[in-house]
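Novice: Submitted below is the structure of interest, expressed as structure tokens.
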Amino acid sequence: MSNTASSRSIEFRNTTIGTTVALLRDTEPVPLADALHKMLGGMPDFFSGEAAILDFSAAESLPGRIDWAGLLSLLRRYQLQPIGVRGLPEEFAATARQAGLALLDRIELRERPAAPPPAAPAPVATPVQASPPPAPIAAGTVFVDRPLRSGQQIYARGGDLVLLAGMSNGAEVIADGSIHCFGPLRGRALAGAQGNPAARIIATNFGPELVSIAGVYRTFEQGTPESIAGRGAVVRMRDTAGKQTIEIEPLQLD
């Protein structure tokens, strides 16, 4: 296999929402394992637990059945944590959801630009009174007044999402702003999808499969902590000494 970027079976790109994108041209675990070993030198902790979106848009052909267990196990071996997929043909959507992956085609992902070189000091200029920029127009909040069933997905582009009747396991909700759930929160909830670290997830009955704020995520394979299971909770991002983590607290209503 040539080592040019166009022929690699897998490439990694950083995005503006802080999530790694794995661009896959092959889905078979064996050739991918060989490519990853050559690319990463066999370092098992190369990614240090980073969330990843699997992008299949560059795959020339896909097998009749994707070995999700083998593929995800391989990526997790390098401490990469897949949370969703893009560019996947519709016939694979059901098995991707069963593997715990969200369908994220509707989220706009922009590659993070390289840092510009240091600029020379700008000459001191006489301040000019400028008119203030126009206030941005806030996007509307999306309200959903019906329960979301397994396999359904809602994306609130540019605003908040309010679920008035909750959601079931296997459903997915995505918002560029915050997510408010007045009912059982199950399935996968991704807030701040375009990189807003101030977004929150607020639920009156907490019990999801996965929550994410601006690409930083937490899963609940071992179950929801007893202190918040089935109760009101708030999910937010905390930045401690440069490390971003997900924090979940009981919802205080009084």
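The values are calculated or read from the model by the stated rules, or taken from the named source; none is laboratory data. In this text the structure is predicted, and so the values were computed from the model without any measurement. Glycine gets a Cβ as well: all are built from the backbone with ideal geometry, and neighbour counts include every protein chain shown. Surface areas here come from the heavy atoms of the whole protein model, side chains and all, with no ligands, DNA or RNA. Shrake-Rupley method; radii C 1.70, N 1.55, O 1.52, S 1.80 Å.
Novice: Considering only residues of the range 3-36 that are within 22 Å of Gly192 (Cα to Cα) and part of a loop (DSSP other than H, G, I, E, B), which is modelled with the lowest pLDDT?
Specialist: Thr16
Novice: In this structure, is Phe56 open to solvent by 60 Å² or more (accessible area, probe 1.4 Å) and at pLDDT 90 or above?
Specialist: No.
Novice: Mind checking whether some residue in the range 82-92 is without any contact (Cβ under 8 Å) to a residue 24 or more places away in the chain and either within 15 Å of Asp55 (Cβ to Cβ) or in a loop (DSSP other than H, G, I, E, B) (or both)?
Specialist: no
Novice: To continue, here is another question. Which residues, counting only those in the range 191-238, are open to solvent by 50 Å² or more (accessible area, probe 1.4 Å) and out of contact with any strand residue (DSSP E or B) (no Cβ under 9 Å at 6 or more places or on another chain)?
Specialist: Glu221, Gln222, Glu226
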